[in-house]
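The block underneath contains the structure these notes are about, expressed in structure tokens.
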Amino acid sequence: MTNVKSEREEYLNKVNEIDFGNEAPKEIDSTDFFTVVKERRSVRHYDPSYQMTDNEIKELLEIAIQAPSSSNLQPWRFLVIKDQDTKQKLLPIANNQQQVVDASVVIAVLGDIKAYKNADRIYDELVEKGMMTQEVKDFYVGSIVKNYGNFPEEVATKVAMIDGGLVSMQLMLAAKAKGLDTVPMGGFDQAKFVEAFNVPENFKPVMLISVGKGVKAGFEKVRLTLDEVVTWEKY
């Protein structure tokens with residue numbers, strides 16, 4: 001197990017041997033959507049002295065949760081890790097990736113596989129706003145509970161992972177629009193994370209996202225061409 005872990009750490013931290021130079025992440029002068037998307041990069045070097053306020057973190061999350069989700073069940077849950085001692089606790093679980101402790105905050109994105117239990121409350125709001133009749137709401141919620149409630153855990157987890165990915169991307173774009181940088185991390189021990197942070201059984205880890213003020217730009221984007229990834233009509 002120790003060898004496996006050390007190999008994983010070596011892989012995840014090998015990027016630190018790359019010479020990024022002293023170029024800081026590009027300061028964008030426009031929050032135009034296309035500019036934000038183009039300039040977002042995965043940044044792994046952060047100013048450890050830069051601290052985000054709780055309100056700044058909440059503002060990003062408020063934008064993130066505008067993302068779409070399956071049947072509007074909004075299964076995303078967030079564990080905000082800002083305290084330095086808590087980040088140090090997370091560090092070995094995240095294979096000692098330095099951005100975990102240097103970034104202002106690490107946001108653990110989780111997916112609730114029992115999110116269907118909130119359907120009644122969510123759709124009540126639509127009835128109150130006159131967007132749905134009580135009859136339609138009762139039918140719709142009944143169908144959600146019946147179907148989602150009977151999903152095998154594997155299927156429910158897949159749904160939560162998809163929705164968790166949508167909200168994560170929205171969070172990272174919101175951060176870039178605010179002049180901040182991010183890096184999504186899947187390289188962490190999920191079982192140890194769940195145990196160390198007392199994560200409820202029905203919350204499945206999606207990813208960790210470091211957020212803060214980058215000091216070195218991430219990789220230049222290298223992408224396959226559209227011709228390599230796009231097929232029209234059928235394979």
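Condition (residue is surrounded by fewer than 14 Cβ atoms within 10 Å (Cβ to Cβ) and either more than 17 Å from the chain's Cα centre (by Cα) or part of a helix (DSSP H, G or I) (or both)) applied to the stretch 117-127: is it met by at least one residue?
Scanning the stretch 117-127 turns up at least one residue that is surrounded by fewer than 14 Cβ atoms within 10 Å (Cβ to Cβ) and either more than 17 Å from the chain's Cα centre (by Cα) or part of a helix (DSSP H, G or I) (or both).
For the stretch 208-235, the set of residues classified as part of a strand (DSSP E or B) and either more than 21 Å from the chain's Cα centre (by Cα) or surrounded by fewer than 18 Cβ atoms within 10 Å (Cβ to Cβ) (or both) consists of V215, K216, listed by residue number. Screening A160, A177 for residues that are touching a residue at least 12 places away in the same chain (Cβ under 8 Å), closer than 17 Å to F78 by Cα and surrounded by 15 or more Cβ atoms within 10 Å (Cβ to Cβ) leaves exactly one candidate, A160.
Pairs meeting the criteria (first residue in the stretch 50-66 and part of a helix (DSSP H, G or I), second residue hydroxyl-bearing (S, T, Y) and surrounded by 14 or more Cβ atoms within 10 Å (Cβ to Cβ), beta carbons under 9 Å, at least 6 apart or on different chains) are E56/S104; I57/S104; A64/S168.
The listed residues are T31, T35, T53, T2, and the only one of them that is loosely packed, with under 10 Cβ neighbours inside 10 Å and either closer than 19 Å to A94 by Cβ or modelled with pLDDT of 80 or more (or both) turns out to be T2. Restricting L90, L173 to residues that are touching a helix residue (DSSP H, G or I) at 6+ places or on another chain (Cβ under 9 Å), farther than 18 Å from S69 by Cα, among the hydrophobic types (A, V, I, L, M, F, W, C) and not in a loop (DSSP other than H, G, I, E, B) narrows the list to L90. Take K204 and tell me if it is of a type in the set (K, R) and touching a helix residue (DSSP H, G or I) at 6+ places or on another chain (Cβ under 7 Å). Here the answer is yes, as K204 does meet what is asked. With respect to (1) within 18 Å of V100 (Cα to Cα); (2) in a helix (DSSP H, G or I), the lone exception for K158 is condition (1). Apart from one condition, V136 fits all of (1) in contact (Cβ under 8 Å) with a residue 12 or more places away in the chain; (2) surrounded by fewer than 20 Cβ atoms within 10 Å (Cβ to Cβ); (3) touching a helix residue (DSSP H, G or I) at 6+ places or on another chain (Cβ under 9 Å); the exception is (1). Close Cβ contacts (under 6 Å, 6 or more residues apart or on different chains) running from residues in the stretch 182-194 that are under 27 Å from V215 (Cβ atoms) and surrounded by 20 or more Cβ atoms within 10 Å (Cβ to Cβ) to residues that are among the hydroxyl-bearing types (S, T, Y) and modelled with pLDDT of 95 or more comprise V183/S210.
Rundown of residues vs (1) in contact with a Pro (Cβ under 9 Å, 6 or more places away or on another chain); (2) farther than 30 Å from N147 by Cβ; (3) surrounded by fewer than 17 Cβ atoms within 10 Å (Cβ to Cβ); (4) of a type outside the set (D, E), yes/no style:
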{"site": "P68", "(1), (2), (3), (4)": "no, no, yes, yes"}
{"site": "Q74", "(1), (2), (3), (4)": "no, no, no, yes"}
{"site": "R77", "(1), (2), (3), (4)": "yes, no, no, yes"}
{"site": "V80", "(1), (2), (3), (4)": "no, yes, yes, yes"}
{"site": "I93", "(1), (2), (3), (4)": "no, yes, no, yes"}
{"site": "N96", "(1), (2), (3), (4)": "no, yes, yes, yes"}
{"site": "Q99", "(1), (2), (3), (4)": "no, yes, no, yes"}
{"site": "V106", "(1), (2), (3), (4)": "no, yes, no, yes"}
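Among all residues of the stretch 139-146, there is none that is under 30 Å from E27 (Cβ atoms) and among the aliphatic types (A, V, I, L, M). Just one of the listed residues (D112, D85, D32, D47) is touching a residue at least 12 places away in the same chain (Cβ under 8 Å) and farther than 30 Å from V145 by Cβ, namely D47.
The values are calculated or read from the model by the stated rules, or taken from the named source; none is laboratory data. Computed from a prediction, not measured in an experiment: that's the story for all the values here. All Cβ positions, glycine included, derive from the backbone under ideal geometry; neighbour counts span all protein chains shown.
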